[in-house]
Structures are given as C-alpha cells and as structure tokens.
Number of protein chains: 2
Amino acid sequence: MYTIDQKRKTPLHVQLFNEIKKEIMTTSNIGDKLSSIRKIANTYNLSRNTVQTAYNQLCIEGYIKNRPRSGYYVIDTSKDIVFEKSTAYENKSKNIKPYKYDFFPARLCKKSFPMKIWKRLCIKALSGDIDMGGYCDDYGEFGLRDQIAKYLMRSRGVRCHPDQIIVCSGFLDSIELLAKTLKDKYNSFAIEHPGYHLARRAFESFGYKIQKIAVNKDGLVLEQLIQSDARIVYITPSHQYPTGVSMPITHRHKLLQWAKSVDGIIIEDDYDSELTYNNHPIPSLQGLDAQGRVVYCGTFAKSLSPSLRVSYIVLPDILIKLLEQPYDTIFPKVSLPIQKTLELFLKDGHYDRHIRKIRTINKKRHDCMKAELIKKLGKTFKIEAQGAGLAILINPSVPFDFEQLKNEAEREGIKLYFSKYSCGDEWDALRMGFGGLDVAEIKEAVEHFAIIWHNSIKKD
Amino acid sequence: MYTIDQKRKTPLHVQLFNEIKKEIMTTSNIGDKLSSIRKIANTYNLSRNTVQTAYNQLCIEGYIKNRPRSGYYVIDTSKDIVFEKSTAYENKSKNIKPYKYDFFPARLCKKSFPMKIWKRLCIKALSGDIDMGGYCDDYGEFGLRDQIAKYLMRSRGVRCHPDQIIVCSGFLDSIELLAKTLKDKYNSFAIEHPGYHLARRAFESFGYKIQKIAVNKDGLVLEQLIQSDARIVYITPSHQYPTGVSMPITHRHKLLQWAKSVDGIIIEDDYDSELTYNNHPIPSLQGLDAQGRVVYCGTFAKSLSPSLRVSYIVLPDILIKLLEQPYDTIFPKVSLPIQKTLELFLKDGHYDRHIRKIRTINKKRHDCMKAELIKKLGKTFKIEAQGAGLAILINPSVPFDFEQLKNEAEREGIKLYFSKYSCGDEWDALRMGFGGLDVAEIKEAVEHFAIIWHNSIKKD
C-alpha cells in the first residue's frame, strides 16, 4: 500500500517513485513483478502518465527493468542510504585563534583596497556588454591583457603584446601552467638557493629534476648555473626571494647569454617590484631580452589585493607556440566580472594612482617598523632584507633561543612568521610584516614583540 | 653635460639618473670615475640628496660601484634597450570569424544569467565586512562552502560537511588539483572509454599510467576495471560523457565495493546533472558511499555561467588528510568578491529558483532541437544522446561524407562541433548545442544545417 497525498506539494510521480523505491529496498525480492501501470493508476486515482514517469525513473536508476510484453521486474534491492552523516567534522575555519599582534608578511591593510572605486567600476562592468552565458577568452579577456601590457611597458619596461599574456589566478596557478607547458621540451629546472619553495614544488610535481643554485650578494651565482645541465631557471632578479638582493645589469646580460646558448628559458618572478621604498624599481629582465628567452611573472596580489586572485605571465614567442596544441589545456581562470572590472581599473588610471598611494603608505610603515626595531632591539639583531615588499627580515646577532621565542609568542598572542617555511627550510629569518598594521599598531606590536625577543636572548 | 630641467614633472633625481645612465651606455668606459656628489650638486644646482639618490639607483642596477673613500666608478656599460618592439603580432582574439549559426554545445543564453540579482548581491557583498587586504580561505570561504554543502545535500543527495569542499576555478582546476594530490599515493588511473579527455590529460601530465575502460549501455564495464590494476577511476555516472548513458544502482554498489577492496578512489564528475529534462536527476554516487571512497566534482559552469569560473570538489576524509602537508600547495583560486556574491546567491534561494528556470527554458530548447532534427533530417540520422545537458548528439544513419559537411559548414558560416575533440578521438558524434539559441533561432539554424547535411549524404 503506497501513501499518495494529492494535497502535498511534492509531485505525484515523485511521491509514487519514493514509495515504490522504499518498498523495493525493504520488502521486495529480485525478480518480483510490479503491478501494471493501469492497475496502479486505477488503485491510486493517478493518470497513467504519472505512473509511467515514476516507473521510468526507477528504470533509469536501475531498480526495475521493463521486459517488453511482460511488465516491470525488480532487478536491484540495494539500499541507497547506507550510513548516517558523520558529525565528527569540525569547522576548522572557525577555530582559528585570534592573535593580538599579527606580523603577517603578505597582506595589505584592509582600508588600502580602493573599495569605492572598485564597486563603481564593478557595476559599470556588469552593466556593459558582458556575456555571462558563454566562456571567456582562454588567455584572459583581450581588453584586460591589453591594459596589463601597457602597464608593464610604462612601469616595468616589459615589452610585450597582449597576445603574449595569460591571465592566471595567482602565482601558483601561473607557475603550474608553466611547469605543465614546458614539460614536453625540458626536464631539468634550476632555482635560487635559498629560493621560493612554491616554484620548486610546482616543477617537482611535474617530474622535473631540480637543481639548486646558490645566491650571493649579486643574486644567483651564474657559474653554478652554467655548470648545471638545467635549461630552465627560475629567478627573482629585482628583489631576490627571500634574501632581498638584486641582480646587477652585468649579470643580467650574462644570464640572457646563457639562455641563448643552451636554448633555455628564464622565468622572471617580479612579485613585488611595485613596492620598493629606497630606490626606483629596477627595470625588468624581460625588457633586456632580445632573444625571447624570458617568461615574466607578475601579480596583483602584493599591490592591489591578495584575495582578488589575479596574476599573469608574459610568454616569449617560442612558448606561445608550445601552448597551441590540438587539444586545449588552457581554460580561463579568472571570473569574467573580475577581469572586466580590473580592466576598467587599469584603463582609467586608477591602478597607477593606487600604486603611488600604497607605496607611500607602505614606505611609512616600513620606515616605522625599521625605526621601532632599531629602537627596541638595539644591537641584538641584524636586518637581513629591507627596503621593499611588505616585511623587514631580521635575525638575532646574539646567542638566541628560537624555541623560547616561539613559545612566548604563542602564549602572548603574537603571531610570528619565519622565512624557512616559504623557502623549504633552506634559509631562515623572522619576517616582520608591516602591510596589515598602521603606524600606531606597528609601535605597539613591536613593543610587545621586543619583550619576548629580549627574554629569548641566551644570557650566558 | 647633463640636461636637467627644474620645471619638468619628472623628479630631479630621476632626470639625473637617466642622463648619467645614457652617458654610461654611450660614451663611458668600464673603470671611469664619476664626478663627486658635491661637484654634480654644485654644477646643476641640485641638493646632495638628489644626486645621492640617483647614484644609489645606478649602484643598485649595477652600472656603477662605490669604492669607500675613493668615489663612484663605472662597472658596466651595457645598453639596456637592445631591440625594438616587434610589430608582427596579430590580435588573435579580434580575428575570430563570426558565424551565422553556432551550435556551441557548452553555453547558456546570455539572457539566462540573472544579472539584475547578481549586481544587487555583488554590491551587497562588497559593502559587507569583506577584507580585500588579506588572503581568503585556501579552500574557499567557509560561508560559500557551507551553502554548496547544503545545496548538494538537498539537490544531489551528496553527504558532506563544508570542510570537505574545495572551491576551484573550473573543472580543469578541480581535476588537476586531484591529480597533484593523489600522485604520491597512486600511480594508475582508469577512465571511461570513450571519456572526457581533459580528465585523462590532467592525470597524464602528472605521470599516471592511463587505463581505458569500455563503456556500454550501463556505463563503465566493471569487469574491465576489476581486471585492471588501477586504483583511481574517473566516471560520469549520472550522464556519461560523451555517450549519455547512466549507471544503474546495482553497478554503483559494485563500483563502491571495488573501491573498498583495492583501497581506491572514485572520482565522480557530476558535470551537468542539474540539466536533465526527461526524468529527475539520478542521485549522486557519493551519497551511496559509506566508506569515504568517492570524490565528487561539480561546477556552476553548466547551470549558472561558464565565465564565472567556479567549480568545487567534495573530498572524502582520507584525501583531506593527504592535503594537510607541511608546505601548503593549495591556494585560494576564486576571487573573494565572486565567492561572497555566489554565497548570497545560494543562501537567498536564488540558485534553486534559477535552476528551475533554466531547466524549463533548456528543456524547451532541447525538445525544439529534437523535433526540428527529426522533421528536417528524417530517417537519415540517429540520436546518440539526448534528454540532458546543452546538446543533442547525433550521427548519420546513412552513408555520409563528413568532409563535405565540414567544408559546406565552413562556407555557409555554420559552426559545428564534434565529440571526438573532447574525448581524444575515441568516439564521434555531432554535438547539436541548443543552450545559446532561442526556439526561433534553433528552427532557423537547423533549417540551414539540414541543407548541408543532405548535401553530404553519399548518393550511390
């Protein structure tokens, strides 16, 4: 006996389907014959169509089968609800302990995002001729790539056409696309040591042999690169990650010669060149490249917003050809409304103004962080890297107990960041991030930090 | 003699830097000594600070070097502008030939996107407590994952907690994340044959051994899978891609047993289950899985917008643990404003209403396409797959000249799509997409298509 309620909102055929399914799973045997459609329709005062629809669905899901000129038979009696939902999960996202002072080295101040302008441009973008029904351009919308190309030319000396640009959803996405694309032609990958572990790991995932090349005060040690058998090298020439050194012009030319001589590729990661405080940004290596050997990687994460998730790569001609394969493996990665809004943001000159503004704001914070560290830590520390980005890197210059520092920080609610986690344990410094704190907050945070710092200096 | 113009907008130190750099690159020799800072300052009526800044920048970029108590010397005279920008590039994006009739099988109508609601929710999201200064959640914002979990439970019978969900930027992104994550534990990957080539290629890129498992009217042939040594299988059980068959309940249970017995993983791609027209969507395989062996892949591309670039995966517990590595390799992929807007769209019930609406619209188009094909092509064709998604798949049932069809289509401005390009040449059918055309357009398009179709039937 099935329970069918004509007054319920659930369609009749769904009610019937559920009732029969329940019966099959609880009391039927395989091979049982179901009542005929006409019989069910008459018994429950349903149209034959309704019964037919329910039977069809049972057939499609594999519970019953229609034998022509014979009727419907049960072919499976398995229960589909076989377990209860586990309640053991915890909401990890909500369990994050709040810190009193957080020196996160890769964030900007919440207020520094130009929300008012962004909102206006977002509405403009959504009101225009935007087509959300189809796919967007695999490489990123042409208009956005055009704006990025123009920006890179005027601010970084990067020479490129929009068709060389691929818009990606963050550095990891950019570097993984490169690792994937270069895989068929190259198998050995060189990287600065210490260097950015994400780049190394991306290439490792795709099976490349990794060669670590030492870094000195002029950046990558070229002799080591030349002696290696690598034909791809990943570098951060403007502001080496994590040591902060920059590569002089002589070395840049030698590096380009190396790439030409081995038919190689240089991946230039220009991750935070917009944020230099003591000098002008050094022009890109890509701009020196006459042979088309440099891939340029950039991002809006450091200069505009880490949560916008927009980065880009500029490819030389030889790699554009590599991407043109019979079966596409490039899909658009950034949501169309974001691309369109960002295009307007660049086109209308807002980005250039924004860069000037946040450079000034962050220079103040940088200088304040530096002054406070000098004032509070005195001669017990040395600066490893400064003058750019969103953090000053420091180390103790006296015997020091890092375990004590970490324990005290945890106890006092001070969140600290160490370089080694982003460069694969190869090099360490404390990353004193200032991008998310205003000047008053920096002073207060460093004051509290100084107490646990001095407690961690070894006394004997 | 340097040209310094006090009235120009360019800062004085930049003017001086450029002048000296030009001199170094054109007339200096390595080892030349530069004039002292005091001398330059006096000659050009500049402050010593200005000159010092220009010299510092020249040092940083590697053109000159300071020898303490001696002065500044030229150490590199390389020119940095070594080539002129090539003008040979063409704007590929603008060279796309417009077609009169386009049967694109993976798009929705431009008008079907709920732009008015989206705009309103977007502003609401940007006006809320959104922090664009920091990173968003690596897995996707908790609020959005929570909404996706609830939606999947009520509409697809997927049982999951938000912490099992990772928000990705499209299917390729989802599947590549899986290929990368599973790599250390698995090395052999089984896929339906014919099957979706993007999934196969993603796993191929990461070095997996690929095993193709035949598909029959019940989907994947289980005996072949059991005989293989694969421990991961990718399947489209609700609506097999490309053949359109669905896997009955008996097979689903057997597949789950297989996964348990080999300590394996089933990747269920439920790409277009929202768009079924002749029956209710079959509940997900994930919902039957008591052992935590199924990864569920879903997307908003087919149901809401392909250019929104939002997809998601639901991981079983064992894979969540695999992702928790000492160095994160998961970064957020979808822009925060999009995540926040989509969260509101789901939360306020707009998505459920939207699904009902586009299912009705697309059913009409599907039925119209089917009727028109039957009317115009008569007995010269057979339907390979129908009743779901955004295309009806057809093949000729009479001797046929596909080359002729392609040539005539090109000539007549009719854009056709073939299955083989998305399943690696393994199986072919014409994909008659209807999602981007309204009923009147379908009629007109099929009428023109029918002419070239009949011209391509072999007459002898």
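Restricting to chain A, what percent of DSSP beta bridges are antiparallel, rounded to 5?
On the way: 26 of 45 bridges.
Taking every DSSP beta bridge with both residues in chain A, the antiparallel ones total about 60 percent.
Got the residue B:22 label distances to the other copies yet, label 7 Å along Cα→Cβ, in nm, shortest first?
Listed shortest first, these distances are 8.8 nm.
DSSP loop (so not H, G, I, E, B), at most 15 other Cβ within 10 Å: list which trypsin sites (Lys or Arg not before Pro) in the range A:183-220 pass both filters. Before the final figure, lay out the partial values.
Details: sites: A:183, A:185, A:200, A:201, A:209, A:212, A:217; in loops: A:183, A:185, A:217.
Those that pass, being in a loop and sparsely packed, are A:185, A:217.
Equivalent ellipsoid semi-axes for the protein assembly as shown, as square roots of 5 times the alpha carbon gyration tensor eigenvalues: give them largest first, rounded to whole Å.
Equivalent ellipsoid of the protein assembly as shown: 57, 32, 25 Å, largest first.
Could you state the orientation-averaged shadow area of the convex hull built on the Cα atoms of the range B:164-288, in nm² to one decimal? Don't jump to the answer; show the numbers that get you there.
Values: hull surface 30.0 nm².
Computed as one quarter of the Cα hull surface, the answer is 7.5 nm².
Using a 10 Å cut-off on Cβ to Cβ distances, tally the other chain neighbours for every residue of B:401-408 and report the average as a whole number. Please report the intermediate quantities before stating the final value.
Details: counts 0, 0, 0, 0, 0, 0, 0, 0.
Partner Cβ neighbours, averaged per residue: 0.
Per residue of B:206-212, how many C-beta atoms from partner chains lie within 10 Å of its own C-beta, taken as a mean? Before the final figure, lay out the partial values.
Working: counts 5, 4, 0, 0, 0, 0, 0.
Going residue by residue through B:206-212 and averaging, the value is 1.
Taking the convex hull of the alpha carbon atoms in chain A, what volume per residue do you get, in Å³?
Numbers: hull volume 112.0 nm³, N = 460.
Here the figure is 243 Å³ per residue.
Under unit Cβ charges (Lys, Arg +1; Asp, Glu -1), what dipole magnitude, rounded to 20 debye, does the protein assembly as shown have relative to its Cα centre?
2220 debye
I'd like the Kirkwood hydrodynamic radius of the range A:296-363, using the inverse of the mean 1/r over distinct C-alpha pairs, in Å.
14.2 Å
Among A:399, A:342, A:437, which residue has its Cα positioned farthest towards the positive end of the charge dipole of the range A:340-460, with +1 placed on the Cβ of Lys and Arg, -1 on the Cβ of Asp and Glu, and the dipole taken about the Cα centre?
Value: A:342.
At a 1.4 Å probe radius, carbon and sulfur cover how many percent of the accessible area of the range A:337-406?
On the way: 1560 of 2990 Å².
Looking at the range A:337-406 in its full context, I get 52 percent from C and S.
Does anyone have the angle between helix A:142-156 and the longest principal axis of chain A? Alpha-carbon axes, 0 to 90°, nearest 10?
10 degrees
Any idea what angle helix B:439-455 forms with the longest principal axis of chain B, computed on alpha-carbon atoms, 0 to 90 degrees, nearest 10?
It works out to around 80 degrees.
Taking a label point 7 Å from Cα toward Cβ, how far is residue B:204 from its twins in the other copies, in nm, shortest first?
2.7
Peptides B:104-111, B:35-42, B:301-308: what's the order by average Cβ count within 10 Å, highest mean first? Each step should come with its number before you reach the end.
On the way: B:104-111: 19.4, B:35-42: 15.0, B:301-308: 23.8.
Listed from highest to lowest mean packing, they are B:301-308, B:104-111, B:35-42.
Give me the one-decimal Kirkwood hydrodynamic radius in Å for the range A:259-304, with the sum taken over alpha-carbon pairs. Working shown, then result.
Values: mean 1/r = 0.0840 Å⁻¹.
Mean inverse Cα-Cα distance, inverted, gives 11.9 Å.
Roughly how tilted is helix A:350-377, in degrees to the nearest 10 and between 0 and 90, from the longest Cα axis of chain A?
The answer is roughly 60 degrees.
Rounded, prolate or oblate: pick one for the range A:315-460, where a ≥ b ≥ c are the square roots of the eigenvalues of its C-alpha gyration tensor, a/c under 1.5 means rounded, and failing that, prolate if a/b is larger than b/c, else oblate.
Working: a/c = 2.88, a/b = 1.84, b/c = 1.56.
Since a/c reaches 1.5 and a/b is larger than b/c, the shape of the range A:315-460 is classed as prolate.
Okay, helix-only estimate at 222 nm for chain A: each DSSP H run of n ≥ 4 adds -39500 (n - 2.57), divide by all residues, round to 500 deg cm²/dmol; what do you get? Mind dumping the intermediate values first?
Working: 14 runs with 179 residues, N = 460.
Computed mean residue ellipticity for chain A: -12500 deg cm²/dmol.
To one decimal in nm, how far is residue A:70 from the same spot in the other copies, if labels go 7 Å from Cα toward Cβ? Please give the shortest first.
10.2
Calculate the mean, over all residues of peptide A:156-168, of how many other protein chain Cβ atoms lie within 10 angstrom of the residue's Cβ.
Working: counts 0, 2, 0, 5, 3, 7, 5, 5, 2, 0, 0, 0, 2.
The shielding value for this peptide is 2.
Which residues make up the longest stretch of chain B that has no GluC sites (Glu not before Pro) in a DSSP loop with at most 10 other Cβ atoms within 10 Å?
On the way: sites that count: B:84, B:90, B:324.
With GluC sites (Glu not before Pro) excluded where exposed in loops, chain B gives B:91-323 as its longest stretch.
Among the aspartates and glutamates, which have Cα under 15 Å from the Cα of residue A:110 when same-chain residues fewer than 8 positions away are ignored?
A:102, A:438, A:441, B:129, B:131
The values are calculated or read from the model by the stated rules, or taken from the named source; none is laboratory data. Predicted, not measured: the structure shown is a model, and the values here were computed from it. Counting neighbours? That spans all protein chains shown, and the Cβs are built from the backbone with ideal geometry, glycine included. Ligands, DNA and RNA are stripped out before the accessible areas are found, and what is left, the full protein with its side chains, is counted by its heavy atoms. Shrake-Rupley method; radii C 1.70, N 1.55, O 1.52, S 1.80 Å.
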